[in-house]
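Worksheet for the structure shown next.
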Amino acid sequence: MLKLYQFEACPYCEKVRLLLDYKQLPYEKIEIIPGVGQLDLWQKSGQMQVPVLQDGDEWVPDSTAIARYLDATYPDRPLLPIDAQQRGLCLALEDWADTSLGANSRIVMMAAWVQHPNVRTAALPNTTPDWLKSMVGALPGEFASLLGSSLGMIRPDPVKTAQLTVKQALESLCLMLRDHAYLCGEQPTLADFAVAGMTLALKVPGQQYVELPAGLCGQGIPGLADDVNYQAFFDWRDRLYTDYRQRRDDIGGDDIS
């Protein structure tokens, strides 16, 4: 069976999980412990970053390389179009999603964690005592901002730039999807799953597809996830999940996705 070395909340790992589910390939998830787990991964695969896919003796790091490997090794339900123009568009959109959209979405998400009490409390594990949830939610915005800045999580100017970039990205995606079922035509491709994975931080799917605190299901970044101008995109992404992603409660066991 395929093995995916991952961080559950990592958007690049979610991208690969989407690819595997779309191709209907069973796999085992192996959650990496930051630090010591990454050292163990380096001993096995030669590098420390996730995601890494193991297929027998083959070790494939990087979500894009994994996508190409899956298409070459398991050609059913291809991820890349055959048409040269569509293939080029697919690869360009995937690269844009992995770089600009992914990086800026992370900045916006961290800023929301600092600025909005409901985002902070929803991100806490389900086992968190009520008194601790209340305390975290009650943190003054100034204190949370200071904490975020001290940890290198947010800085004011990059946050404003990231917010503007993400808004422009969502507007562009809504326009691209207006007359087509998917970003590169009428069939899902690598581009669609890359965009879906990279926007995980902007709004968590309403069903338990990802093993995150249950309170995060359906929650998103205020001003983005609840903006009617971007509703068409999130509706499209919900349909993509419904059609191709396996829900956690539809799968038996803790380690199989």
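Of note:
- Label point distance in nm, Glu186-Arg87, each placed 7 Å from Cα along Cα→Cβ: 2.1
- Modelled this way, with points 7 Å down the Cα-to-C-beta line, the labels at Ala103 and Asp179 are 3.3 nm from one another.
- Each residue in Ser100, Ser63, Ser105 was given a count of other beta-carbon atoms within 10 angstrom of its own, and listing them fewest first yields Ser100, Ser105, Ser63.
- Point-to-point label distance, Gln231-Asp157, nm (Cα→Cβ direction, 7 Å offset): 3.8
- Lysines with Cα under 19 Å of Lys167, excluding same-chain neighbours fewer than 8 positions away: Lys203
- Applying the criteria of a DSSP loop state and at most 16 other Cβ atoms within 10 Å to the GluC sites (Glu not before Pro) of segment 160-233 yields Glu186, Glu211.
- Electrostatic tally near Cys184: other residues with Cβ closer than 11 Å to its Cβ, Lys and Arg +1, Asp and Glu -1, net -3.
- Neighbour cut-off at most 14 other Cβ (10 Å), DSSP loop, trypsin sites (Lys or Arg not before Pro), segment 155-226: Arg178
- Mean sequence separation of contacting Cα pairs (under 8 Å, at least six apart), scaled by the length of segment 2-73, corresponds to a relative contact order of 37 percent.
- Segment 173-231 and segment 1-74 have their alpha-carbon centroids 22 Å apart.
- Neighbour-count order for Val195, Val159, Val204, fewest beta carbons within 10 angstrom listed first: Val159, Val204, Val195
- Lys44/Glu211 FRET efficiency (R0 25 Å; Cβ-Cβ; nearest 0.05): 0.65
A short reminder: the numbers here are calculations on the coordinates, not readings from a lab. If you're wondering where the values come from, they're calculated on a predicted model, not measured in any experiment. In this analysis, Cβ positions are derived from the backbone assuming ideal geometry, glycine residues included, and neighbour counts consider all displayed protein chains.
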